[in-house]
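What follows is calculated from the coordinates using simple rules that are stated; it is not laboratory data. This structure is a prediction, so every number in the text was calculated from the model and none was measured. Every residue, glycine as well, gets a Cβ built from its backbone with ideal geometry; the counts of neighbours run over all protein chains shown.
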Amino acid sequence: MTIFPNLSTLGWITAASLAGGILSVLCAALFALTARAAWVPHLVSYAVGALLGAVFLEMLPQAFSLGKSAELVAGSILAGILLFFVLEKLVLWRHCHTDDCEVHGEGAEGGHAEAGNDRGRSGMLILIGDTVHNFVDGVLIAAAFMASTELGVVTAVAIIAHEIPQEVGDFLVLLHSGYSRARALAYNLLSSVATFVGAFIAYFALQPLMEWLPALLGIAAASMIYVAVADLIPGLHRRPEIGASVSQVVLISVGILSIWLVRQLVSH
């Protein structure tokens, strides 16, 4: 017996994809936007853990399980890292036309990059990767509802749950990157529309899109790896004191653990 049988499959896909994208962003915003401004530089460590946890515990296992070729997935990750390196170079070139332009802006707290922003570079890259990831989520939601309504509902709930800790990390990256709270929320909501776009396109052209999912997941994962490793972690190394280092390790671990816990709760 299906739930609300009068609602069409396309209606379910539309409702679930919009809810999946928007609700996860709003739930994450309750945490990220209410955090004190002074906390944001320190919570960047949590963002590193959440991003890497989402990549290695969720996105890449899914990409390799869906892909027919491990080489294709690995190649898409490699190409994605190169792509985001080039994109960051273009952003730097756009903003830095003088010899005294500094790649890493100094923060308000003793010149540590962890406390400042990076001229919006990592924020832009994370938005691109998040948009691709949201598009993939939409395709998965559509595929599940086209199999059965019950499977679609379960899949949508699982996606919302998985997205919340990752979206918290994305918000923190945007705030650290210099975006205002209002702009961070607006851009994340705009990025979440990709879930609906992916679901809508998949409803009419599911098979070709399913073949591209592993590569798209690889590119989305590459953006998160690149931002975490190339942009955020170097800033953390600017605070080598024992106390700061222990705090960073703990918060990175908490970020990874939050992704793992949500996976365990949803899978059971």
For a label point 7 Å along the Cα-to-beta-carbon line of F64, residues of region 203-247 with backbone N under 14 Å:
218
Quote the Stokes-Einstein diffusion coefficient, in whole µm² s⁻¹, for region 143-268, based on the Kirkwood radius over alpha carbon pairs, a temperature of 10 °C and a viscosity of 1.306 mPa s.
93 µm²/s
Step by step: find N for region 128-185, compute 2.2 N^0.38 Å, then divide the Cα radius of gyration by it. What's the final number?
1.37
With just the Cα atoms of region 179-228, tell me how far they stretch along each of the three principal axes, in Å, largest first.
40, 25, 6
Can you compute the equivalent ellipsoid semi-axes for region 219-268, i.e. the square root of 5 times each eigenvalue of the Cα gyration tensor, sorted largest first and rounded to whole Å?
25, 18, 4
